[in-house]
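Accompanying notes for the structure given below.
The values are calculated or read from the model by the stated rules, or taken from the named source; none is laboratory data. Computed from a prediction, not measured in an experiment: that's the story for all the values here. Please note: Cβ atoms are built from the backbone with ideal geometry, for glycine as well, and neighbour counts cover all protein chains shown.
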Amino acid sequence: MIKILVVDDEKMIREGIVMTMPWNEMGMEVIGSAGDGLKALEMIREFKPHIVLTDIRMPKMDGIELLRAGKALIPSTRFVILSGYDDFAYAQQALKYGAADYLLKPLSEDELKKILTKLKRDLENEINSCFQQNTTRKLIEKELEQFYLAVRIGDKQNALLRLGDMFRNRAFDMPTLEQYREIIIEIMYSLLNISGKAPFNLSEKVLLDRLALEDLLVGYTNVAELKDWMYRFVENLMDRLREHREGNYQPMIKKALEFVEARFDEDISIEEVASSIFLSPNYFSHIFKKARGECFTDYLNRVRIEEAKKILSEGAYKVYEVAEMVGYHDYKYFSSVFKKYVGVPPIRFKGDSDQE
């Protein structure tokens, strides 16, 4: 329902508008009326009307001041100026400040109804458009969250799959090529923010300039070409990021080792360790082996077995208790791993069969 506020210092005119117009039939309701601009401004602040019908000459605050102050409060509010013939110059001034229309007194009911019906249609179109844009934006942002996450953790395959899912989502059924260009530009800038200070050569740095990028994308004349460009951009960017990360992976590996040292006695997994340093398990496994010369599982087992050897040497615990203390909940599996790394089962290492 479109909300109307009527403002006029002449009570007869004010009440006449309120009482005579077929508001319900027009899909509108009068939320109040005021005899001066100051009171009207308070009502605008409180009730947020869609349309304000206001006289120009009023005490305390005239119609033009009300228009300016009301627009500052709620820019989307439509103001229709009611003016006498002698106030026509003021009405023209009001139009400059954003009045939607004006009517000369005495008012014609048919003319007022015609103006209000037009404004109602404009408002409804605007509201529907905003709703659709917000809904589309939310759908796009939901898809983008997963895409950006894949980029951030270095999962190239998943990032490209997510990109494909996004373009197949109905939220991307945009009617114009220009809209596709805009969303691709926004995605690209977000990717550059995610990638941080990864090295780019001079030709790539040109992409950091929005105007240069827009000029580049103007050369693509259909949606398929734009999508193909985006796929290639993401693929190349992630390859470059991978190279950059692999050249600087030692700090990440150090954090992973610290994580294992602190929690090797818990039921930790490679997924958990990789997540702690914001990498995908596959990528973490790759750089870990490259840095350490062994796979992560071998390293974790070796840390646990070394600790188990220390505890067993003390002779204070049974073998199954030691297994639990270093993160193994299956005694037989612990014995198997221990023998693999030490050469003898834990019971022989301890040298006391009664401790089993």
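When the residues of segment 305-323 are filtered to those that are charged (D, E, K, R) and in a helix (DSSP H, G or I), which remaining residue is modelled with the lowest pLDDT? That would be GLU314. Filtered by the rule that a residue be farther than 23 Å from TYR328 by Cβ, in a loop (DSSP other than H, G, I, E, B) and either within 34 Å of the chain's Cα centre (by Cα) or among the hydroxyl-bearing types (Ser, Thr, Tyr) (or both), segment 249-295 gives TYR249, ILE277, PHE278, LEU279, SER280. Residues in segment 62-77 that are in contact (Cβ under 8 Å) with a residue 12 or more places away in the chain, over 19 Å from ILE31 (Cβ atoms) and among the hydrophobic types (A, V, I, L, M, F, W, C): ILE64 only. If you go through segment 147-166 and keep only what is over 19 Å from PHE284 (Cα atoms) and among the basic types (Lys, Arg), you end up with just ARG162.
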